[in-house]
Amino acid sequence: MALSFKDVAEILKLVDASDCEEVVLEVEGTRLVVRKGQSAGHNPGAASATPVPDVSASTSMPPPSAEQLAPTSNRDGAGGAISAKIDDGFVAVRAPMVGTAYRRPAPDEPPFVEVGTRVEKGSPLCLIEVMKLYTTIKAPSDGVIAAIHADDTALVEFDQILFSIRPE
């Protein structure tokens with residue numbers, strides 16, 4: 001299975017939303033290198049696909065445009081993002097990347113928050129794991145957890161609502 005344009009777009013979204021500075025991926029003779037930040041001779045966030053030395057075919061894919069990387073929230077059906085609605089005045093905490101959401105810091109520990117938990121700006125709400133890299137999702141404001149929209153160990157999509165916070 002060669003990398004499709006959609007695969008490259010998803011990889012770019014994951015890298016952009018993560019703290020990774022560089023990702024190198026080799027799939028069936030195609031090598032994809034994605035770098036963030038300033039690097040000599042490279043554009044920030046640019047992706048290049050080049051053949052692995054032992055393969056004679058060359059594959060090149062341009063980076064996707066901003067429109068092609070736009071979030072696809074509120075999709076319905078199997079595999080689509082969960083369409084969560086929140087009340088007006090509540091703060092939605094959204095997934096910054098595709099990954100597995102963990103509501104607990106460890107399997108044998110209690111969840112970071114439950115409905116009704118008072119949180120302060122910067123308080124940890126959950127973790128999202130992508131390829132064994134964990135990102136802590138923090139409260140964007142002070143308030144009380146009004147709803148939890150993602151189960152523990154659930155696969156979440158980019159821009160999916162994870163929590164609703166009632167500001168205080």
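The values are calculated or read from the model by the stated rules, or taken from the named source; none is laboratory data. Keep in mind it's a predicted model, so treat the numbers as computed, not measured. Using ideal geometry, Cβ is built from the backbone for each residue, glycine included, and neighbour counts are taken over all protein chains shown.
Exactly one residue out of I165, I137 is at pLDDT 95 or above and within 12 Å of the chain's Cα centre (by Cα), and it is I137. Quick check on region 20-39: of everything there that is at pLDDT 75 or above and touching a Ser or Thr at 6+ places or on another chain (Cβ under 7 Å), which residue is nearest to M131 (Cα to Cα)? Among those residues, the one meeting the criterion is V33.
So which strands (runs of 3 or more DSSP E) stay within region 83-168 end to end and still have 2 or more residues that are in contact with an Asp or Glu (Cβ under 9 Å, 6 or more places away or on another chain)?
Values: elements: 91-94, 99-102, 124-130, 133-138, 143-148, 154-156, 161-167.
Those strands (runs of 3 or more DSSP E) span 99-102, 133-138, 143-148, 161-167.
Could you tell me whether any residue of region 152-159 is polar (S, T, N, Q), out of contact with any His (no Cβ under 9 Å at 6 or more places or on another chain) and within 30 Å of I11 (Cβ to Cβ)? Yes - at least one qualifying residue is present in region 152-159. Of all the residues in region 124-154, those that are among the small types (G, A, S) and surrounded by fewer than 18 Cβ atoms within 10 Å (Cβ to Cβ) number 4.
Residues that are modelled with pLDDT under 80, within 18 Å of the chain's Cα centre (by Cα) and either surrounded by fewer than 17 Cβ atoms within 10 Å (Cβ to Cβ) or on the phi > 0 side of the Ramachandran plot (or both) within region 83-107 comprise just one, S83.
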